[in-house]
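Here the structure is laid out as structure tokens; the discussion comes afterwards.
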Amino acid sequence: MPKVLKSILKFIWLLGFSALSISCSHQFQLRENEFLLADIDFKGNTDVYSEELSDLIPLSQKANSKPLNLPFVQFTPRVWFYNFGLNNFKPYAQEQKLQAYQNELELLPKEFSGDNKLERKKQKLNRKILRVKDNLALQNSWFWRNIGEKQTIASAEGISQTEAIFERYLKDIGYREAQVSHRVDTLLTSEKFKLVYLIKEGPGYVIDTVNYAISDPALDSLIEAHDEDKFIKAGDLFDFRKVRMEKARLAQLAKENGYYNFLEQYIKAEAYNADYDFAEFERKKRGNLQFTIQNPPSREKHQKYTLNEVIFKAYDAFNDANTPIDTTNVNGVKYITLNKKLNERLLDKKVISRPGSLYNINDITDTQQQISLLNQFSFASSQITPISDKQANLEYYAPQLPKYSFSTGPGLNHVYNSGSSFLGFGIPVTLTARNWFKRLELFEASGRIFREGQPSPLNTNTVRGSWEIGTNFSVTYPNISFFGHDIEKLKFKNPRTQFSAGFNYSEPYWGNRLDFKISNNYRWQPKPFTTIFFSLIDVNLVNTNYNTNEAGQQFYNSLVEQQARGNNIKTTFDPQFVSSFNATYLYNDQDLQDPYGSSRFLRVYVESGGTLLNLAKNKEQIGFIEKLFPLRTDFNSPDTVRKYFRYVKANVDYRQYINLSPSSSLAYRVNVGVANPYGNKSLPYVKNFFVGGSNSVRAWSPRSLGVGSAQPDTAQNNIIPQTGDILIEGSVEVRKKVARFFGDIQLALFLDFGNIWKYYPIYTEEKQNKANFDFSRFYKEFAVGTGAGLRYDLTYFQFRFDWGIKVVDPSRSAGDRFVLDEFKLKRNYKYGLNFNLGIGYPF
């Protein structure tokens, strides 16, 4: 681009930016003791997080949102939008619009007409009139008010109110002598000011003992039996948050043991000492905490309730009154349904509450959860109706979902490659049937037909069209059965049994591929944060035919070449039969609503593949499989023998998240896996371990790291996926929320390490004593990467951008593996930035 043109464009950009800045500024008439607030900070607090205090500031006194939360950078686009609306507001045009709406409304009848269309028009006009009146009152349009925000003006009165809020909060959490003041700092680049709250926490008041005064003997015994569960204990501060949690625990404990009418209002908490001397309490800064549980007015004790009647209504209240209603009694519970033939015996296994049992709020909540998880009902609610001082009726209400539902989502697919493009289309359909076999099962059948763009043969840049056709069937039961008998102990552990089967046919340029899959899966939750998966059958059969034309032969030869070098990527495409059984233990106590909270994650996976082949004489194939699904030889395919695999595999993935503050956390991960392909010394491709990419060692591109200290395999100068039998990798990451703009903006710093190795030695010259795992050298072959990330968290969806930098490259000679000093901001440079785009956290 000529220099003159660059100068002109630069001048135009500067002129436009200046015009925008001028149009988005606004002059404010400030009163005495008022100033434009640019930022808020806290000084002096050591035990209380600044984020805690910031959340207490009234909205009108908060600093304006800044997407770039950098010192001295007052980039506040929402204020600009609001001011733009102020500067361009035309009162006369709004008054004309208001008059037009009012005139139109006056022509309509004021009384109710009975005409739905006319009444909706009147409601719409009234909403428009109210909106225009708001515009005139605020001298700004609805649109600019909603995408923008007012410039915050701080006042002495507002600051004083906020200081009082801070002091009240600090005293409530145990710092009874806390003091809060402020100072105002001038920013260097603006006429706006920074408000600094000066926090003096003072000493914390400590609890010596926690006592309970309960006049009801039965309730006293109950609470004493659960003393170890209390949230506040000796040595803690007098923290109202923990007091509130303890009150909630006591109320919940009572409701779990029959006390239906128990309320938190019966619980009083107070600080005291032996002499009830408040002056001594303040002098010593310590004392006792007592919870007093009062009896209901005019009663000597709290009353327990038993359930007289339990009713389950499984129909919609708006059904035709002429539809017959069936009532069935199972184990004392009345099931009232329409003529949809629900299996009440199976449904009864999900209902915990029974007539004659004590009222228990947990039983009711758990029952509603179990019913909701069946995916047979629109929702599940409950209602308690006391019928005396000691008894109550319990009614569950769960309208059934439609027996059948159908969904589809036709879509387009566009593939572009170096001037060649292809516009594809697809039609996926899904049919869902509920309770088809009267077993509360969920049956799903899905099919898809796609005409997609796919790459053409190697060494070409064209895109070709290819058909892909597939279908899948699955049925899920809400129990776990063996030989027709349910495991009763698991009935309230959210059990699931699923059977599925499907096939997929595709036509890549190198041939055609037909994939059959059959599997079953058992799943249950023995504890709230624990899930166990177990699969007895997981079978995948692939029939592949390589074309004998030039493109197919060239592709096949490239796979053979990689196989000779020790890379088993050929198994991805070869005809094969993979069977296994596997199990997974999963523990996860993460709270998705608290992304910076402390939690743990553990996943243990074990798998045995081709195990039954060990019992057969011929360990290379299964006769009836070859007869049922013979390979086609009329194509004269180079491979006419199906591969069978025998292997064992284990993988342990542990993650821990440590809260650092309300807006920051430290996360680390260790992921270790090992597989022994004892059959043909090769794993099915999808069973391999891989390293590199947005959820692994982020300084390397996906699946490009490894194997060991050997050079990665390449094809046409491009690194192809590297496969391994042994995996060790880990990550450490610090996450920090820095701003909010329609969602949380987070920064992250990370350090990743890891590699993969082969279980058995490879005897090719270039990989010998490099690719296999060896205890004497594996720790010297870890790849190390570091970098930074930017995340945009919209609560329900998170975009993640990570930039990784190589620190240690194990593929280089020993003594020359530190490569951080070779880093350059150069495009496509081996030791430059590696960009990763991801959805959600990396781990």
Revision key, fill the gap. Exactly one of SER579, SER665 is of a type in the set (Ser, Thr, Tyr) and either over 29 Å from the mean Cα position of the chain (by Cα) or surrounded by fewer than 17 Cβ atoms within 10 Å (Cβ to Cβ) (or both), and that residue is SER579
Check your understanding: When the range 218-263 is examined, which residues are found to be among the aliphatic types (A, V, I, L, M) and more than 19 Å from ASP172 (Cβ to Cβ)?
Key -> ALA218, LEU219, LEU222, ILE223, ALA225, ALA234, LEU250, ALA251, LEU253, ALA254, LEU263
Exercise for review: Report yes if some residue within the range 166-184 is closer than 30 Å to GLU32 by Cβ, hydrophobic (A, V, I, L, M, F, W, C), open to solvent by less than 20 Å² (accessible area, probe 1.4 Å) and assigned to a loop (DSSP other than H, G, I, E, B); otherwise report no.
Suggested key: yes
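Residues ALA814, ALA710, ALA699: which one is open to solvent by 20 Å² or more (accessible area, probe 1.4 Å), in contact with a Lys or Arg (Cβ under 8 Å, 6 or more places away or on another chain), among the small types (Gly, Ala, Ser) and not in a strand (DSSP E or B)? Before you say what the answer is, go through the steps one by one.
On the way: ALA710 fails: open to solvent by 20 Å² or more (accessible area, probe 1.4 Å); ALA699 fails: open to solvent by 20 Å² or more (accessible area, probe 1.4 Å).
Within the list ALA814, ALA710, ALA699, the selection yields ALA814.
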Study note, to complete from the structure: (1) part of a helix (DSSP H, G or I); (2) modelled with pLDDT of 85 or more; (3) open to solvent by 90 Å² or more (accessible area, probe 1.4 Å) all hold for GLU104 apart from (3)
**Study point:** Number of positions in the range 283-309 that are open to solvent by less than 80 Å² (accessible area, probe 1.4 Å) and closer than 18 Å to ALA234 by Cα
**Key:** 7
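Report whether or not GLU228 is in contact (Cβ under 8 Å) with a residue 12 or more places away in the chain and either over 21 Å from SER381 (Cα atoms) or open to solvent by 30 Å² or more (accessible area, probe 1.4 Å) (or both). Full working, then the answer.
Details: in contact (Cβ under 8 Å) with a residue 12 or more places away in the chain: no; either over 21 Å from SER381 (Cα atoms) or open to solvent by 30 Å² or more (accessible area, probe 1.4 Å) (or both): yes.
Against the criterion (in contact (Cβ under 8 Å) with a residue 12 or more places away in the chain and either over 21 Å from SER381 (Cα atoms) or open to solvent by 30 Å² or more (accessible area, probe 1.4 Å) (or both)), GLU228 does not qualify.
Yes/no matrix, rows are residues, columns are (1) closer than 21 Å to LYS493 by Cα; (2) surrounded by 18 or more Cβ atoms within 10 Å (Cβ to Cβ); (3) of a type in the set (D, E, K, R):
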residue	(1), (2), (3)
THR328	no, no, no
ILE336	no, no, no
LYS349	yes, yes, yes
GLN369	yes, no, no
SER372	yes, no, no
GLN376	yes, yes, no
ALA380	yes, yes, no
PRO386	no, no, no
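Could you list all residues from the range 737-757 that are within 30 Å of ASN146 (Cβ to Cβ), open to solvent by 80 Å² or more (accessible area, probe 1.4 Å) and part of a strand (DSSP E or B)? Give the steps one after another, and end with the answer.
Quick first cut of the range 737-757, residues within 30 Å of ASN146 (Cβ to Cβ) only: 737-747.
With the extra rule that they be open to solvent by 80 Å² or more (accessible area, probe 1.4 Å), the set shrinks to 740, 742, 747.
Matches in the range 737-757: ARG740, LEU747.
Being under 29 Å from the mean Cα position of the chain (by Cα), farther than 25 Å from SER50 by Cβ and in a loop (DSSP other than H, G, I, E, B) narrows it down to one of TYR760, TYR831, TYR796, so name that one.
Working: TYR760 fails: under 29 Å from the mean Cα position of the chain (by Cα); TYR831 fails: under 29 Å from the mean Cα position of the chain (by Cα).
Only one candidate qualifies: TYR796.
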Revision key, fill the gap. Across (1) surrounded by 12 or more Cβ atoms within 10 Å (Cβ to Cβ); (2) over 30 Å from ALA564 (Cα atoms), TYR796 clears everything bar (1)
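Could you say which residue among LEU592, LEU586 is in a loop (DSSP other than H, G, I, E, B) and under 32 Å from the mean Cα position of the chain (by Cα)? Break it down into steps so the answer makes sense when it comes.
Details: LEU586 fails: in a loop (DSSP other than H, G, I, E, B).
Answer to the selection: LEU592.
Residue-wise test of (1) in contact with a Lys or Arg (Cβ under 6 Å, 6 or more places away or on another chain); (2) open to solvent by less than 40 Å² (accessible area, probe 1.4 Å); (3) among the charged types (D, E, K, R).
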site: PRO109; (1), (2), (3): no, no, no
site: LYS124; (1), (2), (3): no, no, yes
site: ARG127; (1), (2), (3): no, no, yes
site: ASP134; (1), (2), (3): no, no, yes
site: ASN146; (1), (2), (3): no, no, no
site: ALA154; (1), (2), (3): no, yes, no
Point to revise | Residue within the range 725-736 that is surrounded by fewer than 18 Cβ atoms within 10 Å (Cβ to Cβ), in contact with a helix residue (DSSP H, G or I) (Cβ under 7 Å, 6 or more places away or on another chain), hydrophobic (A, V, I, L, M, F, W, C) and part of a strand (DSSP E or B) present | key: no
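Between LEU20, LEU15, LEU30, which is modelled with pLDDT of 75 or more and among the aliphatic types (A, V, I, L, M)?
Values: LEU20 fails: modelled with pLDDT of 75 or more; LEU15 fails: modelled with pLDDT of 75 or more.
Sole residue among the options that is modelled with pLDDT of 75 or more and among the aliphatic types (A, V, I, L, M): LEU30.
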Practice item. May I ask you to verify whether ALA788 is open to solvent by 10 Å² or more (accessible area, probe 1.4 Å), of a type in the set (Gly, Ala, Ser) and part of a strand (DSSP E or B)? Key: yes
Revision key, fill the gap. Given the conditions (1) under 30 Å from LYS247 (Cβ atoms); (2) over 40 Å from the mean Cα position of the chain (by Cα), every one holds for TYR169 apart from (2)
Exercise for review: Output the number of the condition that SER113 fails; it satisfies all remaining conditions of (1) assigned to a helix (DSSP H, G or I); (2) loosely packed, with under 15 Cβ neighbours inside 10 Å.
Suggested key: (1)
Check your understanding: If you take the residues of the range 668-687 that are touching a strand residue (DSSP E or B) at 6+ places or on another chain (Cβ under 6 Å) and in a loop (DSSP other than H, G, I, E, B), which of them is nearest to TYR759 (Cα to Cα)?
Key -> PRO677
Review point. Name the pairs: first residue in the range 624-639 and open to solvent by less than 50 Å² (accessible area, probe 1.4 Å), second residue assigned to a loop (DSSP other than H, G, I, E, B) and at pLDDT 80 or above, Cβ to Cβ under 6 Å, at least 6 apart or on different chains?
Key: LEU631/PRO575; ASP639/ASP574
Review point. If a residue has to be free of Cβ contacts under 8 Å to residues at least 24 places away in the same chain, open to solvent by less than 80 Å² (accessible area, probe 1.4 Å) and not in a loop (DSSP other than H, G, I, E, B) to count, how many in the range 265-280 make the cut?
Key: 3
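Could you identify the single residue in GLN498, GLN525 that is in contact with a Phe, Trp or Tyr (Cβ under 8 Å, 6 or more places away or on another chain), in a strand (DSSP E or B) and either within 19 Å of LYS687 (Cβ to Cβ) or open to solvent by 40 Å² or more (accessible area, probe 1.4 Å) (or both)? First the steps, then the outcome.
Numbers: GLN525 fails: in contact with a Phe, Trp or Tyr (Cβ under 8 Å, 6 or more places away or on another chain).
It is GLN498.
The values are calculated or read from the model by the stated rules, or taken from the named source; none is laboratory data. Small disclaimer: the values here were computed from a predicted structure and weren't measured. Positions of Cβ are backbone-derived with ideal geometry, glycine not excepted, and every protein chain shown enters the neighbour counts. The protein model used for the area step is the full one, side chains on, heavy atoms only, and it has no ligands, DNA or RNA in it. Shrake-Rupley method; radii C 1.70, N 1.55, O 1.52, S 1.80 Å.
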